[in-house]
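The values are calculated or read from the model by the stated rules, or taken from the named source; none is laboratory data. What you see is a predicted model, and the numbers here were worked out from it, not measured in a lab. The protein model used for the area step is the full one, side chains on, heavy atoms only, and it has no ligands, DNA or RNA in it. Shrake-Rupley method; radii C 1.70, N 1.55, O 1.52, S 1.80 Å.
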Amino acid sequence: MSNLSENTQFFKVKSEPEISVKQVLDVVYHAMTEKGYNPVNQIVGYIMSGDPTYITNYKGARSMIMKVERDELVEELLREYIKNGSWEA
């Protein structure tokens, strides 16, 4: 009998590099702008509906934004808004 059945082999897959929500929004914003879309309207449409067709495929923007939960997008936008003191008139 062979010892092969007693040994477990491990295979490690390299994971994709972690990209922040802020970086995703930056890529999506610029891709939408370059394609002539209003990025604010399109990103809001995506966040509200969950329909990925609001986001262009250009530069992989659609697949990137779909890897982020929509509530995470809202959190990042709100965090940046508050950080920049935009509550004050």
Exercise for review: Of the numbered conditions (1) assigned to a helix (DSSP H, G or I); (2) at pLDDT below 95, MET64 fails exactly one; give the number of that condition.
Suggested key: (2)
Practice item. Among the numbered conditions (1) at pLDDT 95 or above; (2) open to solvent by 100 Å² or more (accessible area, probe 1.4 Å), tell me where ASN84 comes up short. Key: (1)
